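For reference, the structure I am asking about is given below.
The values are calculated or read from the model by the stated rules, or taken from the named source; none is laboratory data. This is a predicted model, so every value here is computed, not measured. Cβ placement follows ideal geometry from the backbone for every residue including glycine, while neighbour counts extend to all protein chains displayed. SASA here: full protein model, heavy atoms, side chains in, ligands and nucleic acids out. Shrake-Rupley method; radii C 1.70, N 1.55, O 1.52, S 1.80 Å.
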Amino acid sequence: MSATIDIAPGRITLAGELDARHAGAVWTDALTAAAAAKGKPLIVDLTGVTQWDTAGITLLADIETVFGGTPAYAGATEQVRALLDRVHDARKILPRGGAEHVASWWAVLVSFLTAATDGIAFLGEAVLALVTLPTRAKMFRRQDLWRAADQAGVRAIPLVLLLGVLIGLILAFQSLVPMRRFGADLYVANLVAISLIRELGPLLAAVILAGRSGSAFAAEIGTMKVNQEVDALITMGLDPVTMLVLPRLLATIIVMPALTIVLDFAGLIGMALVLVGDGIPAVAIANQIAAWVVPGDLYGALAKSAVFGATIATVGCRAGMATGLGPEAVGVSATRAVVGGIVSAIVLDGIFAIVFYRLGI
Amino acid sequence: MPLAPQHLPRLALNGISYRYGEIPAVSALSLAIARGECVTLLGPSGSGKSTALAMAAGFLRPVSGDIRIDGRPIMRTPPHRRDIGVVFQDAQLLPHLTVAENVAFPLRMRNRGRAEREKAVREMLTLTRLAAYAARYPHELSGGQAQRVALARALVFAPRIVLLDEPFGALDRQLREEMQIELRALQRRLGVAMLHVTHDQDEAMVLSDRIAVIEDGSLRQIGTPAELYDTPADAFVARFLGENNRLPGRVESIDEDDMATVSLAGGARIEAQAMGVGPGHRCIVAVRPERIALAAVSAEEMGDGAFAAVLREVGFRGTHLRLVLDFAGQTLVVRRPAAAPMAGLHPGAEVAIAWQPHHARAFRPEAGE
């Protein structure tokens with residue numbers, strides 16, 4: 001037996017099996033009839049329905065939506081009414097409707113702006129904590145600063161060296177082929193050195209920092225949040241920003257320029273390996289770099305990298321402090337820290353490019 | 001005329017609500033805790049009880065409502081200025097400080113003098129039986145000891161109220177029971193007000209002057225443990241607090257004393273106190289296992305209001321026996337003192353059961369039943 005529908009003015013009679021397999025057959029007719037009856041009295045007769053599941057109940061809920069109210073139900077058992085109540089409750093939590101797309105775009109914009117303002121407010125809080133640190137000097141634990149610097153800096157050096165050498169190799173190798181056509185093999189040294197020192201060094205170090213340490217900060221603080229450790233600090237009158245955020249923030253500001261220098265150096269070594277292999281003497285490469293790279297390139301890049309470090313630490317700590325409830329919350333925070341850290345470093349890099357260009361650096 | 005401060009509730013939650021995104025966690029919860037009173041928020045996990053406590057502590061800000069301590073609004077007061085002690089599920093001790101230093105920590109943060117600090121810490125360590133561990137570090141303590149230190153730290157500065165969020169959840173059963181009794185004695189002795197959150201009904205019964213049962217973020221019933229146990233207000237409270245037999249049926253009629261005649265799904269007709277049900281309604285009849293009299297005789301022999309049932313299982317539980325019966329197509333649990341005579345009570349035996357009509361309560365079924 002399947003589901004049947006009988007439509008009369010002011011009355012929709014449903015019968016048979018209103019379950020997931022059969023309810024679809026009467027869905028369109030039922031909704032059309034319900035739409036036609038909008039604003040008039042409507043009776044939905046369910047006396048002949050022999051079988052129900054949530055599909056049937058959802059049909060009733062859709063009829064209500066199209067009809068714009070609750071019709072009179074004839075022959076509805078208490079179970080059907082109870083199920084209908086549950087569907088109503090579920091819909092309150094997950095609102096649906098035509099305005100969904102508009103709402104979701106709006107929601108994306110609002111959530112982006114909220115995240116941005118939250119981040120700025122959090123940075124402000126951290127700066128305030130830094131400025132007023134002398135009044136809370138006891139809460140700031142130097143061991144935490146050195147531990148964070150060790151984690152984010154010293155332990156990252158092997159990875160930074162490896163990636164630096166590889167990037168130098170790849171850049172030199174890729175540029176060598178076209179440059180050789182013009183007999184400009186030697187200028188590969190300028191090309192790679194300038195792009196590494198000015199742009200790629202700080203940016204790659206930022207990506208490594210976001211992946212290694214931004215996520216670790218979010219996970220550490222997030223776990224403390226989930227375990228109520230942060231709440232415990234707050235009740236004891238200890239400021240979590242001073243205790244947990246400042247050491248990490250200062251540590252990244254210290255280690256990022258160092259990591260950038262290590263990455264630049266490793267990249268130049270990688271490049272030199274390719275060029276020496278191509279028959280260019282090492283001294284020529286060194287002279288070429290010394291002649292074309294000015295100290296301003298390096299200073300600008302180091303300043304940039306310190307800002308990237310501060311941003312990544314802020315985004316990571318902020319993600320940790322905003323960790324919600326539930327077992328997956330820490331993972332979500334860590335992901336947010338990595339994505340947010342990398343995106344903000346690249347956006348900032350763009351801003352720096354414009355500023356440096358205007359300033360003629 | 002405004003009330004004198006000593007008559008105001010220590011802590012008053014007035015219609016507080018909280019939402020996680022779109023999902024309501026606590027809806028218009030109101031609760032007042034008197035001086036020296038211990039109130040437990042009891043509910044299943046996800047019922048919003050910890051969220052309510054987090055709002056009282058100041059970790060979360062309610063979307064609506066008002067929180068007062070001694071009549072003073074505290075919504076804008078940060079947690080460490082609310083003058084509350086908080087005990088979490090994990091002790092959360094500062095690892096680089098000894099037990100005595102941990103206990104002294106709140107006093108140090110409040111700039112109390114050294115002599116006052118030492119005296120208060122000594123007294124509190126004695127009260128919590130920790131004097132011998134004063135020089136130890138947190139990693140040298142057992143779970144129960146660490147939790148006792150956390151308790152001492154929450155009490156040492158004589159807070160207006162102590163909030164406890166499942167404080168013994170991480171301890172094993174025996175230790176938990178010991179700590180419950182100890183905490184109750186300590187609370188009575190110090191006369192401190194407490195708001196305690198748990199999902200463990202036994203813990204709630206032991207610790208509380210009053211229990212507030214919460215589900216889906218709203219208060220279902222508040223009362224003394226005995227009131228909640230003997231006169232639950234709805235089917236959820238009856239199910240959640242203590243073991244209860246739940247027999248589905250339909251109300252036939254209700255007399256002027258609010259006694260309902262219910263025809264059970266299995267065909268039997270019984271009397272029960274009507275709790276918000278009307279004639280023709282489906283209902284759930286709740287009867288406590290210890291309220292059911294049972295004998296190895298026929299229903300006729302037992303007398304009026306007795307029913308026949310078949311004994312299926314006899315379980316020994318130390319202090320009592322837990323008997324499982326088939327009654328009118330339903331499973332029924334009966335509890336008897338272990339020392340009661342057992343002649344004729346073996347699995348498969350035909351027995352008679354009876355209970356006083358006022359011990360049976362007919363509730364509206366819960367949503368989804």
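Before we move on, is B:Ser50 out of contact with any Cys (no Cβ under 9 Å at 6 or more places or on another chain), in the same structural domain as B:Leu163 (by TED's automatic domain parsing) and not in a strand (DSSP E or B)? Give the steps one after another, and end with the answer.
Numbers: out of contact with any Cys (no Cβ under 9 Å at 6 or more places or on another chain): yes; in the same structural domain as B:Leu163 (by TED's automatic domain parsing): yes; not in a strand (DSSP E or B): yes.
Considered against the rule, which asks whether it is out of contact with any Cys (no Cβ under 9 Å at 6 or more places or on another chain), in the same structural domain as B:Leu163 (by TED's automatic domain parsing) and not in a strand (DSSP E or B), B:Ser50 comes out as yes.
Does A:Arg155 satisfy being farther than 28 Å from A:Ile280 by Cα, assigned to a helix (DSSP H, G or I) and open to solvent by 40 Å² or more (accessible area, probe 1.4 Å)?
Numbers: farther than 28 Å from A:Ile280 by Cα: yes; assigned to a helix (DSSP H, G or I): yes; open to solvent by 40 Å² or more (accessible area, probe 1.4 Å): yes.
Against the criterion (farther than 28 Å from A:Ile280 by Cα, assigned to a helix (DSSP H, G or I) and open to solvent by 40 Å² or more (accessible area, probe 1.4 Å)), A:Arg155 qualifies.
Another one. Restrict the check to the stretch B:348-358 and report whether at least one residue is charged (D, E, K, R) and loosely packed, with under 15 Cβ neighbours inside 10 Å.
Taking the stretch B:348-358 and keeping what is charged (D, E, K, R), we get B:350.
Checking the rest, the ones that are also loosely packed, with under 15 Cβ neighbours inside 10 Å come to B:350.
There is at least one residue in the stretch B:348-358 that is charged (D, E, K, R) and loosely packed, with under 15 Cβ neighbours inside 10 Å.
Next up: Check whether at least one residue in the stretch B:331-342 is open to solvent by 80 Å² or more (accessible area, probe 1.4 Å) and within 17 Å of B:Ala268 (Cβ to Cβ), and report yes or no. Show your work before the answer.
Filtering the stretch B:331-342 for residues open to solvent by 80 Å² or more (accessible area, probe 1.4 Å) gives B:337, B:339, B:341.
If we keep only those that are within 17 Å of B:Ala268 (Cβ to Cβ) as well, we get none.
So far as the stretch B:331-342 goes, no, none of its residues is open to solvent by 80 Å² or more (accessible area, probe 1.4 Å) and within 17 Å of B:Ala268 (Cβ to Cβ).
Within the stretch B:1-51, how many residues are among the basic types (Lys, Arg) and either modelled with pLDDT of 95 or more or more than 27 Å from B:Arg189 (Cβ to Cβ) (or both)? Full working, then the answer.
Our first condition is that a residue be among the basic types (Lys, Arg); within the stretch B:1-51, this holds for B:10, B:19, B:35, B:49.
Within this subset, residues satisfying the condition of being either modelled with pLDDT of 95 or more or more than 27 Å from B:Arg189 (Cβ to Cβ) (or both) are B:19.
Total meeting the criteria: 1.
How many residues are open to solvent by less than 20 Å² (accessible area, probe 1.4 Å), away from every other protein chain (no Cβ under 14 Å) and under 20 Å from the mean Cα position of the chain (by Cα) when one looks only at the stretch B:7-30?
4
Continuing with this model, one more query. Which one of the conditions (1) open to solvent by 70 Å² or more (accessible area, probe 1.4 Å); (2) not in a helix (DSSP H, G or I); (3) not small (Gly, Ala, Ser) does A:Ile280 fail to meet, given that it meets all the rest?
Just one mismatch for A:Ile280, condition (1).
Follow-up. So, restricting to strands (runs of 3 or more DSSP E) that lie completely within the stretch B:290-369, which ones have at least 3 residues that are away from chain A (no Cβ under 14 Å) and either more than 26 Å from the chain's Cα centre (by Cα) or among the basic types (Lys, Arg) (or both)?
Values: elements: B:293-295, B:307-316, B:320-327, B:330-337, B:350-354, B:360-363.
Output list reads B:293-295, B:307-316, B:320-327, B:330-337, B:350-354.
Pick out the one residue from B:Ala146, B:Ala170, B:Ala154, B:Ala120 that is assigned to a helix (DSSP H, G or I), within 27 Å of B:Val39 (Cα to Cα) and in contact with a Gly (Cβ under 9 Å, 6 or more places away or on another chain).
Going through B:Ala146, B:Ala170, B:Ala154, B:Ala120 in turn, just one is assigned to a helix (DSSP H, G or I), within 27 Å of B:Val39 (Cα to Cα) and in contact with a Gly (Cβ under 9 Å, 6 or more places away or on another chain): B:Ala154.
Okay, next question. From the list A:Thr260, A:Thr242, which one is more than 14 Å from every other protein chain (Cβ to nearest Cβ), part of a helix (DSSP H, G or I), hydroxyl-bearing (Ser, Thr, Tyr) and crowded, with 22+ Cβ neighbours inside 10 Å? If you could, list the steps in order and put the result at the bottom.
Numbers: A:Thr242 fails: more than 14 Å from every other protein chain (Cβ to nearest Cβ).
Selected residue: A:Thr260, the only one of A:Thr260, A:Thr242 that is more than 14 Å from every other protein chain (Cβ to nearest Cβ), part of a helix (DSSP H, G or I), hydroxyl-bearing (Ser, Thr, Tyr) and crowded, with 22+ Cβ neighbours inside 10 Å.
Here's a check for you: in the stretch A:45-74, which residue that is surrounded by 15 or more Cβ atoms within 10 Å (Cβ to Cβ) and more than 48 Å from the chain's Cα centre (by Cα) is nearest to A:Ile12 (Cα to Cα)?
Per the stated criteria, the residue is A:Asp45.
Let me ask something additional. Taking the stretch A:26-44 as the search range and keeping residues that are open to solvent by 80 Å² or more (accessible area, probe 1.4 Å) and outside any loop (DSSP other than H, G, I, E, B), which one is nearest to A:Ser2 (Cα to Cα)?
A:Thr28
Filtering the stretch B:62-82 down to residues that are in contact with a Phe, Trp or Tyr (Cβ under 8 Å, 6 or more places away or on another chain) and in a loop (DSSP other than H, G, I, E, B), which residue is least open to solvent (accessible area, probe 1.4 Å)? Break it down stepwise before answering.
From the stretch B:62-82, those in contact with a Phe, Trp or Tyr (Cβ under 8 Å, 6 or more places away or on another chain) are B:62-63, B:79; that's our starting set.
Filter once more, so that each one left must be in a loop (DSSP other than H, G, I, E, B): B:62-63.
On the way: B:Pro62: 14, B:Val63: 79 Å².
Restricting to residues being in contact with a Phe, Trp or Tyr (Cβ under 8 Å, 6 or more places away or on another chain) and in a loop (DSSP other than H, G, I, E, B), the top hit is B:Pro62.
Taking the condition of being part of a helix (DSSP H, G or I) and over 15 Å from the mean Cα position of the chain (by Cα), how many residues in the stretch B:184-208 meet it?
So the first thing to find is which residues in the stretch B:184-208 are part of a helix (DSSP H, G or I), and the list is B:184-190, B:201-207.
Going one step further and asking which of them are over 15 Å from the mean Cα position of the chain (by Cα), we end up with B:185-190.
Total meeting the criteria: 6.
Separate question: With the checklist (1) open to solvent by 10 Å² or more (accessible area, probe 1.4 Å); (2) more than 14 Å from chain A (Cβ to nearest Cβ); (3) of a type outside the set (Lys, Arg) in hand, flag the one item B:Val39 doesn't pass.
Result: B:Val39 fails condition (1) only.
While we're looking at this one, here's another question. With out of contact with any strand residue (DSSP E or B) (no Cβ under 8 Å at 6 or more places or on another chain), open to solvent by less than 20 Å² (accessible area, probe 1.4 Å) and away from chain B (no Cβ under 14 Å) as the only criterion, which of A:Gly237, A:Gly183, A:Gly222 stands out?
Numbers: A:Gly237 fails: away from chain B (no Cβ under 14 Å); A:Gly183 fails: open to solvent by less than 20 Å² (accessible area, probe 1.4 Å).
Only one candidate passes the filter, namely A:Gly222.
OK, next. Restricting attention to the stretch B:72-95, report how many residues are without any contact (Cβ under 8 Å) to a residue 12 or more places away in the chain and either facing another protein chain (nearest Cβ under 9 Å) or hydrophobic (A, V, I, L, M, F, W, C) (or both). Steps first, answer last, please.
Residues of the stretch B:72-95 that are without any contact (Cβ under 8 Å) to a residue 12 or more places away in the chain, as a first pass: B:72-73, B:76, B:81.
Then drop every residue that is not either facing another protein chain (nearest Cβ under 9 Å) or hydrophobic (A, V, I, L, M, F, W, C) (or both), which leaves B:81.
Final tally of qualifying residues: 1.
Residues of the stretch A:320-361 being within 14 Å of another protein chain (Cβ to nearest Cβ), among the small types (Gly, Ala, Ser) and open to solvent by 30 Å² or more (accessible area, probe 1.4 Å), which ones?
Across the stretch A:320-361, the qualifying residues are A:Ala322, A:Gly324, A:Gly326.
Residue-wise test of (1) within 22 Å of B:Asn102 (Cβ to Cβ); (2) under 24 Å from the mean Cα position of the chain (by Cα).
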| residue | (1), (2) |
| --- | --- |
| A:Ile194 | no, no |
| A:Gly214 | no, yes |
| A:Asp231 | yes, no |
| A:Gly237 | yes, no |
